[in-house]
Structures are given as structure tokens and as C-alpha cells.
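Take a look at the structure set out below.
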Amino acid sequence: MRGKLTFGLLVGLLSGCQAIPSMQTPRKATVARSTAIISPNPQVRACLADLGSKSAGFTPLPDQYYGAGCSTVGTVKLSVLKSDRAELALAGLGPVTCPLADSLAGWARYGVDRAAQQILGSPLVRIETMGSYSCRNIAGSPRRSAHATGNAIDVSGFVLADGRRITIAGNWADKSPQVQRFFVAIRQSACKRFGTVLTPAYNAAHHDHLHLEMSGRSYCK
Ligand SMILES: [Zn+2]
């Protein structure tokens, strides 16, 4: 809610400033600050509008370049997502690119929450993560990870309305058929929405999280 207001306010400030030609010096300072936060990139702006229409709570972040192939460009800080009937809390998440936030919003609502309701009998209330932006390489590789540009999220667990907590580390090998069906369903949904999905089945480095990344073409392991 707060993020939506912030976004609306910033867009209002920006469009208002554009509508009124430079009449006063103080307004120029406002334009410069707003432009730094609301990306001039039309694709990012369209994505932010789309994310707002999904009732996600978020704040657009200023573009930053950290050198060595690490940056956060066109990113947002997500504070809350929405399910069919309630708000979904998020834990541990840093800056994420807007398209990734948009895909996460869809996966949380139509993939995870609905699977939780239909298979586990209780709606989702919280998604736990191990973070998003991190200036690092792919493990064991000289290549920069998608995390180095805020283009990947590591999801570690889910909390349901009845208090149950399902984690990747603790429940991926769970013998419960319901829990297994839940993981199959959310994995299938993730593979449709993200370019790259890595699970504990991929390698030992992913034993405790689902790596969700925008880049890649339906690479799903
Ligand atoms: Zn990851």
C-alpha cells in the first residue's frame, strides 16, 4: 500500500513537472530527483505500472552501478504482494528488477497460494527468501550470477495461514504426498514464469532454496 502511494506520488510529481515548463528553479530540483528514481526507460516505466496494477506494494529504487559487472538498474524494493484474498508478506528480499518482481507477484498468487489452498488446505501468508541482489559469481564459475544485477531471487520457504512452515531445506524430501504435490505444482508454475529455475535437484548448492531468474529460456532443473 505504502509502495503504491509512493509510486503514484512520484509519477504524479514527474508528470506534473513535465506538464509545467520550467517556471521556477526549485521545480527543476524536484524533476531531477524524481527522474533518478522513476527510470526514463519506457519498458521499466510500463513494468512499474503493470506491477502497481497487481496491487503489489513496492518502491522504485534509483539506478546504481557498483562496478565489476554489478548493478541495480530498473529495480524495486517489494514490500508486499497480493493473493486472491489477502496480502502476502515477504522476508529477506533486497532490490529486484521490475520484470522479476512482476513474475514473482504472478507466481506467488496463481502458483504458490492456489497450490497451498488446493493441495495443503491453507492459504499462503508469507514467502521467505535468502535474498536477491548480491555482487557475486555463479558458484564455481568465472561468470557473474544473475544476482549481481538483481535479476534472481532465492526462495527458501513458505508460511501458511494455519501456521505451517514449508521450507526447501526441511521439506523438499518430505514423504507427505501433499507436500510433494505442492512442490511439483509450484515448480511447474515457476518454470512457466521464469527463464531459469534451479531446485535442490540441480546441485548441492541449491539444497535449501529455489533459484528464480528472469534470463534463460525455460531452463528448469
Ligand atoms: Zn540464486
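The values are calculated or read from the model by the stated rules, or taken from the named source; none is laboratory data. Every value quoted in this text rests on a predicted model; they were computed, and no experiment measured them. Heads up, the Cβs are rebuilt from the backbone with ideal geometry, glycines too, and the neighbour counts pull from every protein chain shown. All accessible areas refer to the heavy atoms of the entire protein, side chains included, with ligands and DNA or RNA removed. Shrake-Rupley method; radii C 1.70, N 1.55, O 1.52, S 1.80 Å.
Expected output is a single nm value to one decimal: the length gained when fully extending between K192 and A169, i.e. 0.36 nm times separation in residues minus the C-alpha distance. What is it? Before the final figure, lay out each step's value.
On the way: separation 23, 0.36 × 23 = 8.28 nm, distance 2.30 nm.
Length gained between K192 and A169: 6.0 nm.
At 0.36 nm per residue, and after removing the present C-alpha to C-alpha distance, how many nm does the segment from C135 to V184 gain when stretched out fully?
Working: separation 49, 0.36 × 49 = 17.64 nm, distance 3.06 nm.
Net length gain for the segment: 14.6 nm.
Could you give the distance between the Cα centres of the range 181-221 and the range 69-119, to the whole Å?
Cα centroid of the range 181-221 versus Cα centroid of the range 69-119: 15 Å apart.
Using the heavy atoms of the protein chains and a 1.4 angstrom probe, tell me the accessible area per residue for the range 57-220 in square angstrom.
On the way: 7250 Å² over 164 residues.
On a per-residue basis, 44 Å².
Between beta-carbons, use under 13 Å as the cut-off and find the net charge around N137, counting Lys and Arg +1, Asp and Glu -1.
On the way: positive: R136, R143, R144; negative: none.
Result for the local shell: +3.
Can you tell me the dipole magnitude for the range 112-221 around its Cα centre, using point charges on the Cβ only (Lys, Arg +1; Asp, Glu -1), in Debye to the nearest 20? Write out the running numbers ahead of the final one.
Working: 14 positive and 7 negative charges, 62 e Å.
The dipole of the range 112-221 has a size of about 300 debye.
Where does each of K54, K175, K221 land when they are ordered by accessible area, with a 1.4 Å probe and the largest first? Walk me through the numbers on the way to the answer.
On the way: K54 70, K175 185, K221 95 Å².
Ranked list, largest accessible area first: K175, K221, K54.
Multiply the residue gap between D162 and D50 by 0.36 nm, knock off their C-alpha separation, and tell me the result in nm, one decimal place. Please list the in-between numbers first.
On the way: separation 112, 0.36 × 112 = 40.32 nm, distance 3.11 nm.
Taking D162 through D50 to full extension adds about 37.2 nm, to one decimal.
Classify the range 57-220 as rounded, prolate or oblate, taking a ≥ b ≥ c as the square roots of the eigenvalues of its Cα gyration tensor: rounded when a/c is under 1.5, otherwise prolate if a/b is larger than b/c and oblate if not.
On the way: a/c = 2.10, a/b = 1.39, b/c = 1.51.
It is oblate, given that a/c is not under 1.5 and a/b is not larger than b/c.
On the protein heavy atoms, probe 1.4 angstrom, tell me the percent of accessible surface of the range 57-220 carried by carbon and sulfur. Numbers along the way, then the final one.
On the way: 3720 of 7250 Å².
The nonpolar share, carbon plus sulfur, comes to 51 percent.
Given contacts defined as C-alpha pairs under 8 Å and at least six residues apart, what's the relative contact order of the range 57-220, whole-number percent? Don't jump to the answer; show the numbers that get you there.
Working: 360 pairs, mean separation 31.6, N = 164.
19 percent.
Can you compute the FRET efficiency between E87 and Y65 using 1/(1 + (r/R0)^6), with r the Cβ-Cβ distance and R0 = 25 Å? Round to the nearest 0.05. Let's see the in-between values first.
Working: r = 33 Å, r/R0 = 1.33.
For R0 = 25 Å, the calculated efficiency reads 0.15.
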